[in-house]
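None of the figures in this text is laboratory data; all of them are computed from the coordinates on show. This one's a predicted model, so the numbers in the text were calculated from it and none came from an experiment. Using ideal geometry, Cβ is built from the backbone for each residue, glycine included, and neighbour counts are taken over all protein chains shown.
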Amino acid sequence: MAHRVTVASVEAAAVAERFPEGGAPWQVRKVYDIVWPRSAVRRVIKVMQVLDFFGLHTPLREPHFDPDVLGCPDELITTRINVRSVMWAKWAALCAHRSQMGRTGRFVWFFQRVSRWLWPYETFQCVQSVRPAQQPESDIFAGL
């Protein structure tokens, strides 16, 4: 839902007639989708296979789980931000909201310890930009 609201807002911002009380129209300079690379998904699945082997419940055995559709092809990722130095803050924020952890909440202890190695980057795909981005980006504000 948040994605749909954001896309509609970006489109509406450029049309003066849409919200005349909102002031002059303007164009959003860049829009990113947050994506998870397939290579990272494969690493996490390997970890889940080990957990599953030791009898811990993982999504691997659920009928709707299809690892082949998870993640974004790595070649479509335009931006990688190294977050190792702030990983503790990311986990604190995730753990503060039960809705963020969902069914994997029982594995928080494990993923907190290995996340620096499993996914040390936040990854994005630039889906709109007023000028071509120099890829790969390591700064979402580059070129603004």
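Looking at the range 1-38 only, could you name the residues that are free of Cβ contacts under 8 Å to residues at least 60 places away in the same chain and touching a Leu at 6+ places or on another chain (Cβ under 8 Å)?
Filtering the range 1-38 down to residues free of Cβ contacts under 8 Å to residues at least 60 places away in the same chain leaves 1-9, 11-26, 38.
Arg38 - this is the single residue of the range 1-38 that is free of Cβ contacts under 8 Å to residues at least 60 places away in the same chain and touching a Leu at 6+ places or on another chain (Cβ under 8 Å).
The set of residues in the range 30-81 that are of a type outside the set (Val, Ile, Thr) and in contact with a Gly (Cβ under 9 Å, 6 or more places away or on another chain) comprises Lys30, Trp36, Pro37, Arg38, Ser39, Ala40, Arg42. Quick one: what pairs do we get from the range 69-95, first residue touching a residue at least 12 places away in the same chain (Cβ under 8 Å) and closer than 28 Å to Gln134 by Cβ, second of a type in the set (Asp, Glu) and surrounded by 11 or more Cβ atoms within 10 Å (Cβ to Cβ), C-beta under 7 Å, 6+ apart or different chains? Correct list of pairs: Thr78/Glu137; Thr79/Glu137; Ile81/Glu122; Val83/Glu122.
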